[in-house]
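Everything on this sheet refers to the single structure shown next.
Bear in mind that the values in this text are calculations on the coordinates, not laboratory data. Since this is a predicted model, take the numbers as computed values, not measurements. Neighbour counts are summed over all protein chains in view; Cβ atoms, including those assigned to glycine, are modelled from backbone coordinates with ideal geometry.
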Amino acid sequence: MTATGLLRTPLYEVHKREGGKIVEFAGWEMPVEYSGIKQEHLAVRKDVGLFDLSHMGEIEIVGKEAIYFIDGLVTNDIMRIQQGQCMYTCMCRPNGGIIDDLIVYRFPDLENGNQYFWLVVNASNCAKDFQWVKDHGTPGVTITDLSMKTALLAVQGPNAQNYLQPFTDADLEVLSYYHLTRGDVAGIPAVISRTGYTGEDGFEIYIDWDKAEELWNALRQAEGHILPIGLGARDTLRLEAGYSLYGHEIDEDTLPVNASLGWVSSLNTGDYIGRDALIKEKTEGIKTAIVGLMMQSRAIPRQGYPVEDNEGHVVGKITSGTFSPSLERGIALAMVDTAHRSTGTELKVVVRNRREPAVIQRPPFWRGSVRRG
Amino acid sequence: MIPNELKYTNDHEWVRVNGDVAEIGITHFAQDQLGDIVFVEIPAVGTMLEAGVALGVVESVKTVSDILAPVSGEVLEVNPKLQEDGDDFHPELVNSDPYGEGWMLRLRLSDSAELDKLLDAEAYKAITEEA
């Protein structure tokens, strides 16, 4: 903890040495960019980039029947998750409001027969999520917060596998999308998953907190000279890929089906907190939905800007917006009234009192190298 | 990167004075803070600007930042390379050449006494060091 009360990952000094511009994010001091957002973004799209994501949270859940416990907390049908598999989902309150979106990691069962899981959660919600899971704990389930002991580096881009394979004994060729394995990376014991937030192929590498600098240096100093990527490019990459971000498309006032997370919410399998609210919303007909918007002028949409129809009625607002380095124009996700959600609909984004033309386009805005299966 | 012959504001705008015409832009420090510039919104020729009031914005990938008028006057010329509906749109000039090709607008000074309120290169340098 620093004098400002903000947290630092083990790579804070490394980021400064690398020329990172440090900003506050979710209570952490993180690099928003090093060489420039556009350059970093394009490096991930065309080649490979290295991210420090150690601010994210990891919650360990262990128990003979841990799968039932988790299934009752998350909206997806976790009973289907296999050992070695990852599943994207969210946790809701009884009224359906989203507490967080997260990935459930199911490791191979332990020797004593216990099931072993991680919940990998947003940095901004880590404390809240841990408290929620603990408050709903059942006997026979042990819940531990590993966040401050676990560092996370991501290697993302079409060349991610080529770049990373020489460093690890794990066979990356057989590690399929949304699966995990254990192996050494640069001699450091790690959990490796083929997951990411960029729309490109890539890996997320979890190691002990105090091994982060060693791993970063090993990956950076190899001949390929992988570029360090900051949170600014992380945001432009995920937005081009159409991925939601908590605090933008998702929050406690939003139900999964309104936030385009209906696909990770199962309404007719096991019960979970919030399921009745989700069923009700679906039955009554959803009233708002997330859409993608492609700007038709050079103006750039930003979070909070109103969205209007061509008659000047407000029909929604921008949840995330940016300049897309790959497309060289503004793109956005917006929450709009369902009457106006069809692909191809022409709308206006209000940018500082001017009505700028936009067209609804189904995300992703950019199709990258991410594996689909 | 703080040319001696220019004048500056606390908000990282610069002014180049040529008789009663002032040329205006944002400083190297500002463009460095903002990152890759992708859009600039400046008022049309003929607009009357008031010192200290926002005249437009400069946008980077990540954010939007107001540009405040360092001095008052009527806009005479705007940089065609920063016009969003121009054929030759190059907002990145603000990054690569903030005091040259990245100039934003030229105006006719309505009160040259306002120039005395601006910072000289040394005073501006001190501000960038505190930031």
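Here are the numbers:
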{"read-out": "Segment A:311-335 - residue that is within 22 Å of the chain's Cα centre (by Cα) and under 28 Å from residue A:284 (Cα atoms) and, of those, surrounded by the fewest Cβ atoms within 10 Å (Cβ to Cβ)", "value": "A:317"}
{"read-out": "Enumerated strands (runs of 3 or more DSSP E) restricted to segment A:105-216, each holding at least 2 residues that are within 21 Å of the chain's Cα centre (by Cα) and either surrounded by fewer than 19 Cβ atoms within 10 Å (Cβ to Cβ) or in contact (Cβ under 8 Å) with a residue 24 or more places away in the chain (or both)", "value": "A:115-121, A:150-156, A:180-185, A:188-193, A:202-208"}
{"read-out": "Residue that is nearest to residue A:298 (Cα to Cα), among those in segment B:66-82 that are within 14 Å of another protein chain (Cβ to nearest Cβ) and crowded, with 16+ Cβ neighbours inside 10 Å", "value": "B:82"}
{"read-out": "Number of the exception - residue B:120 against (1) under 30 Å from residue A:238 (Cβ atoms); (2) in contact with a strand residue (DSSP E or B) (Cβ under 7 Å, 6 or more places away or on another chain); (3) surrounded by fewer than 19 Cβ atoms within 10 Å (Cβ to Cβ)", "value": "(1)"}
{"read-out": "Count - residues of segment A:32-78 that are away from chain B (no Cβ under 14 Å), of a type outside the set (Gly, Ala, Ser), in a loop (DSSP other than H, G, I, E, B) and touching a helix residue (DSSP H, G or I) at 6+ places or on another chain (Cβ under 9 Å)", "value": "9"}
{"read-out": "Residue within segment A:87-96 that is in contact (Cβ under 8 Å) with a residue 24 or more places away in the chain, touching a strand residue (DSSP E or B) at 6+ places or on another chain (Cβ under 8 Å), surrounded by fewer than 18 Cβ atoms within 10 Å (Cβ to Cβ) and at positive phi present", "value": "no"}
{"read-out": "Residues located in segment B:52-64, provided they are more than 10 Å from chain A (Cβ to nearest Cβ) and crowded, with 17+ Cβ neighbours inside 10 Å", "value": "B:55, B:58"}
{"read-out": "Residues located in segment B:16-43, provided they are of a type in the set (Gly, Ala, Ser) and within 13 Å of chain A (Cβ to nearest Cβ)", "value": "B:35"}
{"read-out": "Residue ID - nearest to residue A:342 (Cα to Cα), chosen from residues in segment A:289-307 that are away from chain B (no Cβ under 14 Å) and crowded, with 18+ Cβ neighbours inside 10 Å", "value": "A:291"}
